[in-house]
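Every number in this text was worked out from the coordinates using simple rules, so none of it is lab data. This is a predicted model, so every value here is computed, not measured. With ideal geometry, Cβ positions are generated from the backbone for all residues, glycine too; neighbour counts draw on all protein chains shown.
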Amino acid sequence: MITTPTYLPLMQGQGWDIPERLNMASEVCDRWAATEPDRMALIEPLREGVRETSYRRLRDMANALAHRLSAMGVGRGDRVGVFLSQSPWTAAAHIAIWKLGAISIPLFTLFGPEAMAVRLEDAEASVVVTDGVGAEKLVNWSQAGDLRLRREQILPAERVPVDGIVFPTVDTAAEDPAVLIYTSGTTGNPKGALHAHRVLRGHLPGVEISHNLMPLPGDVLWTPADWAWIGGLFDVLMPGLWHGVPVVSARMEKFTADECVRIIRQTSVKNVFFPPSALRTLRAADVEILGLRSVASGGEPLGAEILEWGKAAFGLNINEFYGQTECNMVVSACEALFEPRPGAMGKAVPGHELEVIGPDGMPCDGEGDISVKRGSASMMLEYWRNPTATRGKFRGEWMLTGDRGWREGEFLRFQGRDDDVITSSGYRIGPGEVEDCLLTHPAVASAGVVGTPDPERTEAVTAFVLLRDGIEPTDEMRAGLQQHVRQRLAAHEYPRIVHFVESLPMTISGKIIRRELRQMALIKWH
């Protein structure tokens, strides 16, 4: 059975088809397990073959976890971390949490203790679902005092026996909170974008269009992007499960062209979401992958050179899409519907009203703020316990993306970011989090972080560091600071470039002027 695409009624002006009562656990698992229990949900490529997970098995795994979490005291509205990479247990963990009416928190497995602590403490998470490796990390960080998490709050998912016992999914409203995804800002700690159970329905039209009118018979979906990010979780995993399209679950310690090709061929992948950094790696390796039905990419503009290379390498156009954690999959190209326009992001996805607005909140000619009107089903409810940041995200009825651009008829063009978020290898990195981490080093008096041009990563994380009196700016000190951030935040967040300075440009109120830092970085770079 092939499900009906959701973009068609939206294109016909019928509006969102979202019932008042809705739970994503039923949407992505229970309904398939009840009607087609042996249908394939997930495929894991192994060296000796593939391992398939049916919807029956996925439901049983989720039910077993839900029982265990309930016994640990988890209930409606409680926050539960999911500290797992791509695996069937990751899908089961989110489903189990939603079955309870609780709120799942995706957590990247490469996070260090500080990045974990910021998120878990802000969310007041009651439990973290993980695996054996993750459990060992969490216990060690807790014992070292880097994380306030008791051993009894850590649940290794794969140790939970799957016995087929039933766990009824609680009744929730479409507007009830379901998932809390943290997104880095320009200053301070990351903010939690709180999403409702309707968020998956909001992603479906954009996913369908970016994959050339998914679902079609034979579709198999995969991304090398981690499922801890909104792009992996709601652009691939959950839409695939909703549509009954098999999703490939492949752990990759590091993305390589050879491993990518192996996974695609072994699991008969037809539809891929490639982050821009993955596309650049494939291009550098001169890879050709024919036989795919769709290739989608989002996170940062690709540029004409990559798009032209993609036509030859894949035998089709790469469909670029656009969005952010707060409101995702709102613009997309679609080779099956219209010719792409070079340099343009695409058109507004049906169901999402986009506009380029001026300071008065009204549509403007020429460059302005790319904004999404309230009513988009993929739009967050709010920033978690941060009403000031939530208010600042809106201008009247429009949610500001923080990006600048302009319209060309139905097409939207991206001009640049209006904030200081760094885009590096497909990741959006908040400089404030890196600055705060550098300040925990005993040798650092102050620090400012910006992105600087990098031909491979788009931008490199670049730090300007003011050392404490008496500390010498040596190469050993530079390496030590890089390692400090790498271990405490994540490997993709450490500053690849460190400049030692005698002062930092500051405003009267004491804020670092990053614009001047970027100018300084460009002078040093050239």
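Take the alpha carbon gyration tensor of region 84-138, find the square roots of its eigenvalues, order them as a ≥ b ≥ c, and report rounded if a/c is under 1.5; if not, report prolate when a/b exceeds b/c, else oblate. Because a/c hits 1.5 or more and a/b fails to exceed b/c, region 84-138 counts as oblate. The residues neighbouring LEU466, those whose beta-carbon lies less than 12 Å from its own, together hold a net charge of -2 under the Lys/Arg +1, Asp/Glu -1 convention.
Eigenvalues of the alpha-carbon gyration tensor of the chain, scaled by 5 and square-rooted, set the equivalent ellipsoid semi-axes at 34, 29, 23 angstrom, largest first. Rounded to the nearest 20, the size of the Cβ-charge dipole of the chain about its Cα centre is 620 debye, with Lys and Arg at +1 and Asp and Glu at -1.
Among the trypsin sites (Lys or Arg not before Pro) within region 228-333, which fall in a DSSP loop and have no more than 14 other Cβ atoms within 10 Å of their own Cβ?
Values: sites: ARG251, LYS254, ARG262, ARG265, LYS270, ARG280, ARG283, ARG293, LYS311; in loops: ARG251, LYS254, LYS270, ARG293.
Here the trypsin sites (Lys or Arg not before Pro) that fit, given the DSSP loop and packing criteria, are ARG251, LYS254.
Under 15 Å from the Cβ of ARG21, count the other residues' Cβ atoms, weight Lys and Arg +1, Asp and Glu -1, and hand me the total.
On the way: positive: ARG31, ARG76, LYS99, ARG198, ARG201; negative: ASP17, GLU20, GLU27, ASP30, ASP171, GLU175, ASP176.
Local net charge: -2.
Per residue, the Cα convex hull of region 20-196 amounts to 125 Å³.
Need the full-extension length gain, THR256 to ASN140, defined as separation in residues times 0.36 nm minus the C-alpha distance. One decimal, nm. Don't skip to the end; give the middle numbers.
Numbers: separation 116, 0.36 × 116 = 41.76 nm, distance 3.06 nm.
Gain on stretching THR256 to ASN140: 38.7 nm.
Ordering MET399, VAL199, LEU8 by the projection of their Cα atoms onto the charge dipole of the chain, which places +1 on the Cβ of Lys and Arg and -1 on the Cβ of Asp and Glu, puts VAL199 at the extreme positive end. Computed from the alpha carbon positions, the gyration tensor of region 422-525 leads to an equivalent ellipsoid with semi-axes of 19, 17, 13 Å, biggest first. Only Cα pairs under 8 Å and 6+ residues apart enter the sum, and on that basis the relative contact order of the chain stands at 13 percent. Would region 169-298 count as rounded, prolate or oblate if I go by the C-alpha gyration tensor, calling it rounded below 1.5 in a/c and otherwise prolate when a/b exceeds b/c, oblate otherwise? Taking the square roots of the gyration eigenvalues as a ≥ b ≥ c, region 169-298 is oblate.
Please give the charge dipole size of region 183-283, origin at the Cα centre, charges +1 on K and R Cβ atoms and -1 on D and E Cβ atoms. Round to the nearest 20 debye. List each step's numbers first, then the result.
On the way: 10 positive and 7 negative charges, 20 e Å.
Magnitude of the dipole: close to 100 debye.
About its Cα centre, the dipole of region 20-196 is roughly 160 debye, where the only charges are +1 on Lys and Arg Cβ and -1 on Asp and Glu Cβ. The length gained on full extension between ALA443 and MET506, counted as 0.36 nm times the residue separation minus their Cα-Cα distance, comes to 20.6 nm. Here the peptides 80-91, 155-166 are ranked by packing, the mean other Cβ count within 10 Å, and the order with the highest first is 80-91, 155-166. Using a simple spin-label model with pseudo-atoms 7 Å out from Cα toward Cβ, ASP475 and ARG31 lie 6.1 nm apart. Normalised Debye scattering of region 226-279 at q = 0.14, 0.15, 0.31 Å⁻¹ gives log10 I(q)/I(0) of -0.37, -0.42, -1.48, counting only Cα atoms as equal scatterers and leaving out solvent.
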